[in-house]
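Colleague: The structure is given below, and queries will be raised subsequently.
The values are calculated or read from the model by the stated rules, or taken from the named source; none is laboratory data. Just so you know, these numbers come straight off a predicted model, no measurement behind them. Cβ: placed from backbone, ideal geometry, glycine included. Neighbour counts: every protein chain shown. Surface areas here come from the heavy atoms of the whole protein model, side chains and all, with no ligands, DNA or RNA. Shrake-Rupley method; radii C 1.70, N 1.55, O 1.52, S 1.80 Å.
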Amino acid sequence: MAGLALSMALPATDSARAQTAPPALGVQSPAQQPAQSPQQQQIELPPAPVERENPGLINEIGKLFEKSKSALPPLKSPSETINDLSNIARPSTMVTGRAACVVASNGAPDCKIGADRLCQSKGFKEGKSIDTDASEKCSPLVYLPGHKRGPNDCKTENFVTRAVCQ
């Protein structure tokens with residue numbers, strides 16, 4: 001009987017020991033791990049760190065660069081840059097002649113049209129005036145003896161005499 005009592009006591013002691021045994025430190029044999037489905041085996045990532053604004057010098061310089069992007073003109077494409085360079089390199093010719101400048105609405109001479117006319121008379125498309133000349137055109141009455149000159153007897157005419165044409 002003692003053997004029977006001992007055999008019954010041993011399994012009870014083993015089960016009591018198994019229940020009171022300290023838990024393993026994170027290492028479990030595959031038999032001890034609970035079965036999980038593939039959906040339950042997802043890895044949990046730590047939350048993304050929240051960016052805090054750093055009020056230092058580097059941060060302030062970074063803000064300055066961000067603000068300056070809107071103040072700068074946009075960069076030109078390579079084809080636009082080549083077109084600009086070809087316009088600069090386009091040969092131009094200086095011509096001489098005489099073309100009248102028109103009078104603008106404010107009374108001043110507008111010699112751009114005169115330069116264009118001078119260049120067009122030489123076979124070019126447009127021009128810019130380099131040299132101008134002014135002369136006074138008067139009514140024939142001014143030259144009569146005894147005629148007192150009035151404010152509307154003469155007017156000044158401007159002419160383009162030299163222009164750069166393209």
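Colleague: Looking at segment 113-149, which of its residues are farther than 23 Å from GLY97 by Cα and of a type outside the set (D, E, K, R)?
Modeller: SER139, PRO140, LEU141, VAL142, TYR143, LEU144, PRO145, GLY146, HIS147, listed by residue number.
Colleague: Against the definition (more than 52 Å from the chain's Cα centre (by Cα), open to solvent by 30 Å² or more (accessible area, probe 1.4 Å) and charged (D, E, K, R)), how does ARG149 come out, yes or no?
Modeller: Answer is yes for this residue.
Colleague: Among the strands (runs of 3 or more DSSP E) confined wholly to segment 53-166, which include 1 or more residues that are modelled with pLDDT of 80 or more, in contact with a helix residue (DSSP H, G or I) (Cβ under 8 Å, 6 or more places away or on another chain) and of a type in the set (D, E, K, R)?
Modeller: Counting at least 1 such residues, we get 93-100, 127-138.
Colleague: Could you list, in sequence order, the residues of segment 111-128 that are open to solvent by 60 Å² or more (accessible area, probe 1.4 Å) and within 38 Å of the chain's Cα centre (by Cα)?
Modeller: Across segment 111-128, the qualifying residues are LYS112, ILE113, PHE124, LYS125, GLU126, LYS128.
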